[in-house]
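Written out below as structure tokens is the structure these notes cover.
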Amino acid sequence: MGIMDRHLRLAAESGRGYEEGLGGGIRPAMNPEELTISGLLVILRRRRRAILTTAGVCFLAAVLLCIFMTRQYRAATTIQVQKGNSDSLGLNSLTNEGPVAPVDAMEESITMETQANILQSDSLALSVIKKLNLEQNKDFKPYFNPVGWAMGVISPSGLKDPAHASLDESPVRRTRLLKTFAKHLQVKQLPGTRLIAIAFTNSDPQVAAAVVNQLTESLLDYTYQTRNEATKRASSWLSVQLDDVRREAQEKQARVAALQRDTGVYSLGTTDAAGHDQAYSATLDRLQQATTALATATSNRILRGGVLQAVKSGDPDLISGLAGSSSLNGGATTSNAFNLLQSLRQQQAAMASQIATDRSRYGSSNPKLLDDEATMASINNTVKAEIKRIGERAQSDYASSQTVENQLRTEFERTRADANNLNNKAIDYTIARQEATDSRQLYDTLFQKLKAAGVMEGLRSTNISVVDPGRVPSRPVKPNVPIYLGLSIFGGVFLGACLALFQEATDERIQSLELVEDSLQAPIVAVLPLAPAAESHGFASYLQNVPGARRLANSGAGVRAEVPIAAIDGPNSAFVEALRGLRTELQLFSGSNPPRTILVTSALEKEGKSTVSTNLAAVLAQGTGRVLLVDADMRHPGVSRRFGFFGNSYGGLSTVLAGEDITAEVVQSTEIPRLSILPAGPLPSSPSDLLGSARMRQLLEEWTQTYDYVVIDTPPMLAVTDATILSRLADVTLLIARHGVSTRRSLRRAHKTLADRADANVSVVVNGVNRTSPTYGEYHGYAGTKYYREA
């Protein structure tokens, strides 16, 4: 059974398609297999050195990072945001109303989120940086950033900080410090609670604890100042109104004293149960009623003014908190407006919570999230419009109260004029005394309630309390050695696998034998393991010796090779057994007509063609036929050097082709029975011309008459044209490729050059395959056997 028959049988058994090639040869059809898990594992095993190296480098980098990285300490504190009252101005206390109804959970959620954002604001950060002088801390010092430097080179530079300027006047310094502070700060609202956790990381544990405590204190100060300022603004306006009432009461009291001095008569002679003088008349009765109504209208106007000032602040929470103060609104219409605003605020809080939930669940591009945001915008616009309407209503109520007061004052003046017409000093005195008493009572009542409201507001100026203050940490949080090392191993293996796949995709060197067959569309007739170390290392060391030296062992059996030959020194090695398999393939070639002229070449140098040709000749000679090993590499005669025949003093192929010698005179016998060698001879000026001459064809015909096999070792294909010329005269050409050294591109080029002839018979031999490599097991189906002995 020949090589073609054998590949036909293998194709039928394995299912791999083959097609008829040039010259009647059988070649595998191009049917690249998809990458499977087993194929991926083969690639990873083949590239395990890259994977292990990458993983080792990443692990070493993580170890060095853990050793030299600055230790970072994290201090934490926890604060509680207590329930607050929306009536921050204390207006309910002026009307003796009870506390407003507690706000709902959605509004409290907005309050919690607001407090968390305030903690991360630049104002509090700058306050902490200044108070603790963090600019001098090591973590806040500027450091060289290559990315920032590169961006600064290509982007326009901004204004520089003035020399010796303060932090507020140095935007570059301030921005850098704020970014550093924000990078080390962590604020998190604990779900389902009213607690906010604050953490800060720094290389100094004392500084980390000081920052969280100072940040909490700054938040308390900010909350107190914000509420206090709101109270002061409303109180200042009310104070102006009280001053007017107080001046009016003082003027009336002075008029009473003047009337008392002028008349000395203050009654009609009767007193009431309280001992006050009385004087009755219809005019005085109307005057007393007008005085009382005017006082009530004045008080109502002042309270309406307080409501108007609260509405002008624009705070939705503050305005909606007035819904429960029936004495401050204008009846059912205003009360409904306050209730509507409070309902809209609840819808606003619910929708804000829904948007936050949808954003975390579906992402920012979800259509439902866009609809919710549109609904939120609509609610916000409705709230603004409702606040505007309430403001207009409050302004209208205030103007109405002023109109009523003016009308009552006009009525009062008219009634008083009527009383004055009585020309009764007692009546004048009673009127003045009543006015003074009413004005003083109004002033005292308003002043006491405003004072009580201010005191109560001061007591509840903040709704934040510290649950757990920041303490100095005992252990660093960075570097986290187990996590760093675990991630380095995982990342190293992942990057190594990516590198292995990248190398596999870009490496042109021969690794997979099936890819070689698919690429060349030609069968691999033999896979040769690495030659025994004695031969592979011995020849290299031998070539380093003095050129021209030769060691001949004339034991009567012929010339002994200068370098150990595996076929002789390791007859039971895997390399020699593979050569015997190649010999069997050649002997079975074309049935009863095996090839007698065997050409051995390679695409490039250092691919092992001379080693293969020498050992193949030896294995053929160990059979039953006579073998002639011809060194046709007349440029760098590797076979001749192996046997010690190199230099101009020895005849060989070049002298025979030139007609200077005959074959019988230059052919040398060796210690291997039935193996003779024809050295290259002196190096000619034009080896390709000699090899392409008619004399070479004649010599081959003579040699095939004398010898059973003629093995010809030739120069590399892509370097010179010698092998191409001789391939036309050979029965079969063995193209040697070295595993892990030869490239697919060079091999395809060499094979195409040899296979261009219609009668070309080219077979590929892969040399130098390590038996422990995945390639060897992938091709043979096993990695080793007890039948091989390398020694």
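Observations, loosely collected:
- Residues satisfying the stated conditions in the range 345-389, i.e. aliphatic (A, V, I, L, M), over 34 Å from the mean Cα position of the chain (by Cα) and loosely packed, with under 13 Cβ neighbours inside 10 Å: Ala385
- For Thr670, the criteria (1) closer than 26 Å to Thr724 by Cβ; (2) buried (at least 22 other Cβ atoms within 10 Å of the Cβ); (3) not acidic (Asp, Glu) hold in every case but one, which is (1).
- Selection over the range 581-613 of residues that are outside any loop (DSSP other than H, G, I, E, B) and more than 13 Å from Val525 (Cβ to Cβ) gives a count of 8.
- Conditions (1) among the small types (Gly, Ala, Ser); (2) within 19 Å of Ser610 (Cβ to Cβ); (3) modelled with pLDDT under 90: number failed by Ser686: (2)
- If only residues of the range 505-540 that are among the hydrophobic types (A, V, I, L, M, F, W, C) and assigned to a loop (DSSP other than H, G, I, E, B) are counted, the one that is modelled with the highest pLDDT is Leu530.
- Every condition in (1) hydroxyl-bearing (Ser, Thr, Tyr); (2) assigned to a helix (DSSP H, G or I); (3) modelled with pLDDT under 80; (4) over 30 Å from Val600 (Cα atoms) holds for Tyr484 except the one numbered (3).
- Taking the criterion of being among the hydroxyl-bearing types (Ser, Thr, Tyr), closer than 21 Å to Ala578 by Cα and in a helix (DSSP H, G or I), the only residue of the range 614-640 that qualifies is Thr614.
- Any chance Val559 is at pLDDT below 75, open to solvent by less than 50 Å² (accessible area, probe 1.4 Å), hydrophobic (A, V, I, L, M, F, W, C) and touching a Gly at 6+ places or on another chain (Cβ under 6 Å): no
- Some residue of the range 703-712 being part of a loop (DSSP other than H, G, I, E, B) and without any contact (Cβ under 8 Å) to a residue 40 or more places away in the chain: no
- Scanning the range 344-375 for residues that are farther than 22 Å from Gln189 by Cα, without any contact (Cβ under 8 Å) to a residue 12 or more places away in the chain and not charged (D, E, K, R) gives Ser365, Asn366, Pro367, Leu370, Ala374.
- Every pair of residues 6+ apart whose Cβ atoms lie under 7 Å, when the first sits in the range 460-486 and is within 18 Å of Ala76 (Cα to Cα) while the second is open to solvent by 80 Å² or more (accessible area, probe 1.4 Å) and assigned to a strand (DSSP E or B): Pro473/Arg74; Val477/Arg74
- Total residues in the range 175-206 satisfying the condition of being out of contact with any Asp or Glu (no Cβ under 8 Å at 6 or more places or on another chain), buried (at least 19 other Cβ atoms within 10 Å of the Cβ) and part of a helix (DSSP H, G or I): the figure is 2.
- Single residue of Ala750, Ala737 found to be closer than 24 Å to Leu690 by Cα and of a type outside the set (Val, Ile, Thr): Ala750
- Single condition Val172 does not satisfy, out of (1) outside any loop (DSSP other than H, G, I, E, B); (2) modelled with pLDDT under 75; (3) of a type in the set (A, V, I, L, M, F, W, C): (2)
- Failed criterion for Val42 (all others in (1) at pLDDT below 50; (2) crowded, with 17+ Cβ neighbours inside 10 Å; (3) under 40 Å from the mean Cα position of the chain (by Cα) hold): (1)
- Selection from the range 719-743 of residues that are surrounded by fewer than 18 Cβ atoms within 10 Å (Cβ to Cβ) and within 60 Å of the chain's Cα centre (by Cα): Ala719, Val720, Thr721, Gly740, Val741, Thr743
- The range 608-665, residues that are on the phi > 0 side of the Ramachandran plot and open to solvent by 10 Å² or more (accessible area, probe 1.4 Å): Gly608, Gly647, Gly659
- Answer residue from the range 429-462, given it is among the acidic types (Asp, Glu) and modelled with pLDDT of 65 or more and is surrounded by the most Cβ atoms within 10 Å (Cβ to Cβ) among those: Glu435
- Within the range 503-520, the residues that satisfy the criterion of being touching a helix residue (DSSP H, G or I) at 6+ places or on another chain (Cβ under 9 Å) and not charged (D, E, K, R) are Gln503, Ile510, Gln511, Ser512, Leu513, Leu515, Val516, Ser519, Leu520.
The values are calculated or read from the model by the stated rules, or taken from the named source; none is laboratory data. Quick caveat: nothing in here was measured; it's all calculated off a predicted structure. Don't worry about glycine lacking a Cβ; one is built from the backbone with ideal geometry, like all the others, and counts go over all protein chains shown. Accessible surface is based on the protein model in full, side chains and every heavy atom, while ligands, DNA and RNA are left aside. Shrake-Rupley method; radii C 1.70, N 1.55, O 1.52, S 1.80 Å.
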